[in-house]
Structure formats: C-alpha cells, structure tokens
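The values are calculated or read from the model by the stated rules, or taken from the named source; none is laboratory data. A quick note: this is a predicted structure, and the numbers were derived from the prediction, not measured. With ideal geometry, Cβ positions are generated from the backbone for all residues, glycine too; neighbour counts draw on all protein chains shown. Only protein heavy atoms, including side chains, enter the accessible area calculation; ligands, DNA and RNA are left aside. Shrake-Rupley method; radii C 1.70, N 1.55, O 1.52, S 1.80 Å.
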Amino acid sequence: MAALTDQYIVWTFFASLIGFFLLFILRLNGKNKSKKDTGNYKIQNDIVKRSSNDGDSSPENDSRTDIIIVGAGVAGAALAHTLGKDGRRVRVIERDLTEPDRIVGELLQPGGYLKLVELGLQDCVEEIDAQQVLGYALFKDGKNTRLSYPLEKFHADVSGRSFHNGRFIQRMREKAATLPNVRLEQGTVTCLLEENGTIKGVQYKTKDGQELRAFSPLTIVCDGCFSNLRRSLCKPKVDVPSCFVGLVLENCQLPFANHGHVILADPSPILFYPISSTEIRCLVDVPGQKIPSIANGEMANYLKTVVAPQVPPELHDAFISAVEKGHIRTMPNRSMPADPQPTPGALLMGDAFNMRHPLTGGGMTVALSDIVVLRNLLKPLNDLHDSASLTTYLESFYTLRKPVASTINTLAGALYKVFSSSPDQARKEMRQACFDYLSLGGVFSSGPVALLSGLNPRPSSLVLHFFAVAIYGVGRLLLPFPSLKRMWIGARLISSASGIIFPIIKAEGVRQMFFPATVPAIYRAPPADY
C-alpha cells in the first residue's frame, strides 16, 4: 500500500511538472503573439511601435466608427455632416473646437454656394451676418470697371457670400454635431497608425494630455494648410509666393455695394470685401515670404506710405484708421498642386491636399465640390473594410474632381501673376490688356467671371480666355501702326503668357484636366461585394 502511495506521489509530481512546463510555454507564446500584433501598428513618420490598452480605442471597437475625420474646418465639418447624413458613423477629431479667427476663407463664390445647397448646408450662411456678393469691381490707375456674376439663370438667392470665417465654421460644426451618428471631440492628432501598409486609425492627444488611439476602416485627413500628416499621404510641393496682411475697416462704404474690390496696385493686388454689415476686410498682398515687421512699426509705415495712396478715396480714411488701431494680421499664401499618393485606409481633403493662391477666393468652392464628388462615390458602398479594393475604387476621385479644382487652381495662379506689377514691359502690357479685356463687357467679362465664380468649371474655356487676353494685348500694341519694337514686345507678351499658364497646367495634369475620359480610373465601379 505504501509503495502504491509513493508511486502516486511520483506520478503526481511529474504530471504537475509537465503541466507547469506546458502552461509556461502557452503563456510565452501568448506574450509573443501580443507583441507581434501591437508591433504591426507603425506610427507614420516616426515608426514607433506602441501597444494599445485603452478600451475605447482598441482594434476590437472598430465597429463603432466607419470614418475618422481629422480636422473640423470648412472641409472637415462639411464632410462630417454630409457623411453623417448618409448614415455613416463619423468621428471628428479637431485640435481646437473654439471659434477660429482667420483672415482668409471669408469669401464663398456662387459656385461654392451651389455646392453648399447640394450638401444641404446653405443655412450655415444664415444668422452670421453674411453679406451677399454679386460680383467684382476692378481698379487700375484711377479707372474702374464692374464685373457682375452671370446669375441670370439661377434662383435669386444664388450669389457669393462673405462672412467671418469662424462664424461659418461654427455653424457647420453645430449642424454636424446635431446628427446622432457624428461625434466631435477636441484633440491633436499626432500620427496615423499603419499596419502592413494600410492606415488603421490615428493616435491623438486629448485636451488634458491623455494619449489615445482611434480606429476605423477609413481615415480622412482635413487638417488644413499647416497639415503635419500630409507627408504620409501625398508628395507636397508647397510654394509661398506672397503673404496677406489683413485689416478690418469700419464706418465706411465700398464704392460698389455687395461687390469684392480688387485694386491692381504696385507691387501686387489689394482686396476689399464686406464680412459683416459693419465691417470690410482688407487684404494687402505682399510678395515674397519676408515682410515688414509689425512689432517695430515697419509694417504700419509700409501700409501708410506705399499702400494707402493706392487705396480708393472712399476707403482711404478708414484704411489709415485701421492701420493706426494696430490690429494687423498676416497669413502666408500657399500654393500646392494635388499630388496624391493613394494609401489604403486613408484620404486627403481640403487645404491639406490641394491649395491655390487665395486671390480669387476659390478654396472653399474646391473643398465643397470635392466633398460632393466623394459623397457620390461612397454612397453605394455598405462596407468600407476592404481597404485595397476601396483605394482602387477611390482613385477615380482624383480625376472626377479635376474640372472644378484645376480650373479654379489654374485661374488663381495665373491671375495672381498677371495682376502683380512687373518691370518687364511685356508683363505690363499683359496686365493692362487683362484690365481692358474685362472692361469690354459682354462675353469678355462674363466668361472669365463665370470661371472665377466656379459657375463654369471648364479648363478649355479658361485657356481660351487667357490667350484671348494675350492676343488682345498684342492687337493693342500693333494697332494702328506696328513697329519692330512693338512686334518684339508682342512676341514676348505671348511668350510670357505661355510661361505663366503652362507650368500651372502641367502641375495640375494635362491629361486629367483636359482629357479625363481617357483616364481608366474614372470608370471604376464599386466592388461587387460592397
């Protein structure tokens, strides 16, 4: 009996030892697997491996969110409402949810207003003291001409709108937040989370400094012109041709009510437009990246001595008063062609993706038009989880957006160069020809203004009018009596015009801009299993 008991003890000891050994191996494998899973999440731009222990932001909770939107500016807020209205579960992470205070993004062209109507957001320009804009007034060397938007075929409510940028954005944020499936939260997105080449979500820091992660099948980055995430999703080539110096004029009236005013000044244009019933925005373009210092008074002196003498008499006193008040703001003007790098699980939108000189006020029109294109592409899709198929399908977005985006981008870049003064005689002639061409009225003004306003987004029409201006300039030189000098200036004028517009068109993409039907991606249908 004792021998039998000893045998049981021995076998029990060995069984326990084997069980302990197996348990140790299983636990070790479990840890290795956990490390392997968390190690797959690379943080874009710094490739740091981190684990995720937050219950609300773990991969298991992917089903709570269909789309993450980074940024709640004009593009992000409008997109959140649009996708939320279509039934998507949207999570918006914005660095600062207080009302923005900016000196750009204050003029919405009629084409942009039509897109706002199409998205059901037209009431966002109500109750913010927005002003109707019916066209432009152009000033040069004491002369002026009025250019009206061609709105005859549209409802009376259709026009441009100008407003305080922050008020407009807050209205769109509030409207998006009313949807039960849209969640807005304040946080700074520090990086994108990648697994095997696919973006799975974002890492962000909350207002109180807590580091969290959020996951979704699709992340849309709309974090504006200062985006720190765009390098992961495109090949940015940012150009800063000039800076805007912003002032607010009070207690004065514009020479032409409900019109934007463009002064072809030296060295570059000055803009005036209403932003409320009592305030007029003034934007002085200063070429280059180095501008006079505000702190030591150089800027105020520059505005008083160089700019003020070129301001229309009706605005002169209010301009000087605004300078003396000292509330002078600056903003670099950025230009960046859209150069996408399709990445599974992510998409770029707004100024993070594509920028143009703000002279023509076309940025919001492009952003809202892009949202309409993306909404229509996503509408038939029930499931966004197949990132590879979704990325291939969404390649058509980059072509479908081109008619509107490339027309407005090219016009903005070309007009800025034409409207800026130059010591070159050919450029001077081009500038004068542009003013005189627009002053002719009829199709000579309505055509270019239709392009500017986003009502006629046709690249071919843009090129036609641009070279019509150049040819008109040559005609002015050669009539009534041509000379060798005038013929030489005319040839240089045509060469200068080509040198302005063709590089912009090349950056936009000739094929996508003029022959989109030849791009295979435009015909991509949604995957069958969606």
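For residues in region 358-379 being open to solvent by 10 Å² or more (accessible area, probe 1.4 Å) and assigned to a loop (DSSP other than H, G, I, E, B), which is nearest to P332 (Cα to Cα)? Top of the filtered list is G361.
For region 172-190, the set of residues classified as assigned to a helix (DSSP H, G or I) and among the small types (G, A, S) consists of A176, A177, listed by residue number. All of L493, L462 fail the test of being assigned to a helix (DSSP H, G or I), open to solvent by less than 20 Å² (accessible area, probe 1.4 Å), touching a Ser or Thr at 6+ places or on another chain (Cβ under 8 Å) and under 26 Å from R356 (Cα atoms), apart from L462.
For the criterion of being in contact with a strand residue (DSSP E or B) (Cβ under 6 Å, 6 or more places away or on another chain) and either open to solvent by 20 Å² or more (accessible area, probe 1.4 Å) or within 21 Å of A433 (Cβ to Cβ) (or both), V449 passes. Can you find a residue in region 413-427 that is open to solvent by less than 20 Å² (accessible area, probe 1.4 Å), of a type in the set (A, V, I, L, M, F, W, C) and under 20 Å from G111 (Cβ atoms)? Yes.
Residues of region 92-106 being in contact with a strand residue (DSSP E or B) (Cβ under 8 Å, 6 or more places away or on another chain), closer than 24 Å to V245 by Cα and open to solvent by less than 50 Å² (accessible area, probe 1.4 Å), which ones? I103, V104, E106, listed by residue number.
Could you look through region 275-316, keep only residues that are outside any helix (DSSP H, G or I) and among the β-branched types (V, I, T), and pick out the one that is farthest from T360 (Cα to Cα)?
From region 275-316, those outside any helix (DSSP H, G or I) are 275-297, 311-312; that's our starting set.
Add one more test, that the residue is among the β-branched types (V, I, T), and what stays is 275, 278, 280, 284, 286, 291, 294, 311.
Details: I275: 16, T278: 23, I280: 17, V284: 14, V286: 16, I291: 22, I294: 26, V311: 19 Å.
In this case the residue turns out to be I294.
Those helices (runs of 4 or more DSSP H) of region 380-449 in which at least 3 residues are farther than 24 Å from A338 by Cα, considering only elements entirely within it, cover 425-439.
The single condition among (1) farther than 30 Å from L116 by Cα; (2) over 30 Å from the mean Cα position of the chain (by Cα) that G442 does not satisfy is (1). Restricting the search to region 114-171, which residues are in a helix (DSSP H, G or I) and either within 30 Å of R431 (Cα to Cα) or small (G, A, S) (or both)? Matches in region 114-171: G166 only. There is at least one residue in region 179-196 that is free of Cβ contacts under 8 Å to residues at least 12 places away in the same chain and touching a helix residue (DSSP H, G or I) at 6+ places or on another chain (Cβ under 9 Å).
Of the listed requirements (1) more than 30 Å from V449 (Cβ to Cβ); (2) surrounded by fewer than 24 Cβ atoms within 10 Å (Cβ to Cβ), Q132 misses just one: (1).
With respect to F514, is the statement that it is touching a Ser or Thr at 6+ places or on another chain (Cβ under 8 Å), of a type in the set (F, W, Y) and surrounded by 19 or more Cβ atoms within 10 Å (Cβ to Cβ) true? When the stated conditions are applied, F514 does not pass them. Among the numbered conditions (1) within 26 Å of the chain's Cα centre (by Cα); (2) surrounded by fewer than 16 Cβ atoms within 10 Å (Cβ to Cβ); (3) modelled with pLDDT under 95, the only one that G326 does not meet is (1). In the set (1) open to solvent by 20 Å² or more (accessible area, probe 1.4 Å); (2) farther than 20 Å from D370 by Cα; (3) among the aliphatic types (A, V, I, L, M), the condition left unmet by L114 is number (2).
Does any residue of region 114-121 turn out to be at pLDDT below 95 and out of contact with any helix residue (DSSP H, G or I) (no Cβ under 8 Å at 6 or more places or on another chain)? There is no residue in region 114-121 that is at pLDDT below 95 and out of contact with any helix residue (DSSP H, G or I) (no Cβ under 8 Å at 6 or more places or on another chain). Note on region 265-305: residues that are hydrophobic (A, V, I, L, M, F, W, C), crowded, with 19+ Cβ neighbours inside 10 Å and either touching an Asp or Glu at 6+ places or on another chain (Cβ under 8 Å) or over 24 Å from L438 (Cα atoms) (or both) amount to 7. A426 satisfies every condition listed in (1) among the aliphatic types (A, V, I, L, M); (2) without any contact (Cβ under 8 Å) to a residue 40 or more places away in the chain; (3) under 26 Å from S498 (Cα atoms) except (2).
Residue pairs whose Cβ atoms lie under 7 Å apart, separated by 6 or more positions or on different chains, with the first residue in region 505-524 and in contact (Cβ under 8 Å) with a residue 12 or more places away in the chain and the second among the acidic types (D, E) and surrounded by 13 or more Cβ atoms within 10 Å (Cβ to Cβ), are A521/E395; R524/E395.
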